[in-house]
Amino acid sequence: MNDPLAAKLRGFGPVGILAILAIAAGNFVFIPLSALLVLAWAWRSQTPWREIGYVRPTSWLATVAIGVVFGIAFKLLMKSIVMPLLGADPINQAYHYLVGNAAALPWILYAVTVGAGFGEETVFRGYMFERLRKLFGTGAWVTPSIVALSAAWFGLIHYPVQGIAGVQQATIVGLVYGTIFAITGQIWMLMFAHAAFDLTAVAIIYWNLEGEVAHLIFK
């Protein structure tokens, strides 16, 4: 069935660009509006769900388990080895207010699970990969370029709140998650991994363990 609006939404003309801008601005209204708009765009543009990584996993239990274990391990690796090597402050000053602050937990838990796990993965892996693939076409350079560009943008959005260290960490995370997404084409494990990564960060900060974890290897 011919659907002119769907074709325009999939393209890069005025309608397609307007959709991109609306999705980019969505989270300024509320979290995770950007991701919800991606799902609305995929539905109305008749974009196959698999193209944004929404592929039913063979085993939900294995997907959740692998994602959670990977996310926790990845965060501990970043906090105890990678970020110290980059000279990052052991204390994340932007979120230090969370130390022992039970009143702040409901919002931050929502932000890191729904906002980051579901929202950021849908936008920065699912949607960005689909749009950039359509824009760049085929070629050996396309996938590495998409991984790099999406990771760079993911890193930059962390600068206003977390500064250079936030950019460094988010860029590395973007490169790793982007590479996994490029290989598997599936987003669910990454959603659980991202949520587990951030929940581990929240736990470390809440229980005031940042210094200990950051100096676990490098005293």
> How much FRET efficiency would the formula 1/(1 + (r/R0)^6) give for residue 44 and residue 133, where r is the Cβ-Cβ distance and R0 is 22 Å, rounded to 0.05?
Replying inline: 0.70
> With axes computed from alpha carbons, what is the tilt in degrees of helix 33-44 against the longest principal axis of the chain, rounded to the nearest 10 within 0 to 90?
Replying inline: 30 degrees
> How far, in degrees from 0 to 90, does helix 14-25 lean away from the longest principal axis of the Cα atoms of the chain, to the nearest 10?
Replying inline: 20 degrees
> What accessible area per residue comes out for the stretch 1-57, rounded to a whole number of Å², with a 1.4 Å probe?
Replying inline: 61 Å²
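For the stretch 86-219, with every protein chain kept in place, what is the accessible area per residue (1.4 Å probe, Å²)?
That works out to 47 Å² for each residue.
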> Put +1 on the Cβ of every Lys and Arg and -1 on every Asp and Glu Cβ in the stretch 117-219; which of 138, 180, 126 then has its Cα farthest towards the positive end of the dipole?
Replying inline: 138
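If you roll a 1.4 Å probe over the chain with all protein chains in place, what percent of the accessible area is carbon or sulfur? Can you show the working numbers first?
Details: 8150 of 11310 Å².
The value for the chain is 72 percent carbon and sulfur by accessible area.
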>> So if the hydrodynamic radius of the stretch 18-115 is defined as the Kirkwood radius over C-alpha pairs, what does Stokes-Einstein give as its diffusion coefficient at 37 °C and 0.692 mPa s, in µm² per second?
In response: 194 µm²/s
>> Limiting things to C-alpha atoms, what are the Rg and the maximum Cα-Cα separation (Dmax) for the chain, in angstroms?
In response: 18.1, 65
> Taking the Cα centre of each part, how many Å lie between the stretch 19-89 and the stretch 93-141?
Replying inline: 5 Å
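The values are calculated or read from the model by the stated rules, or taken from the named source; none is laboratory data. Note that the coordinates shown come from a computational prediction; the quantities given were computed from them, not determined experimentally. Reconstructed Cβ throughout: ideal geometry from the backbone, glycine too, with neighbour counts over all protein chains shown. Surface accessibility is based on the protein's heavy atoms, side chains included, excluding ligands, DNA and RNA. Shrake-Rupley method; radii C 1.70, N 1.55, O 1.52, S 1.80 Å.
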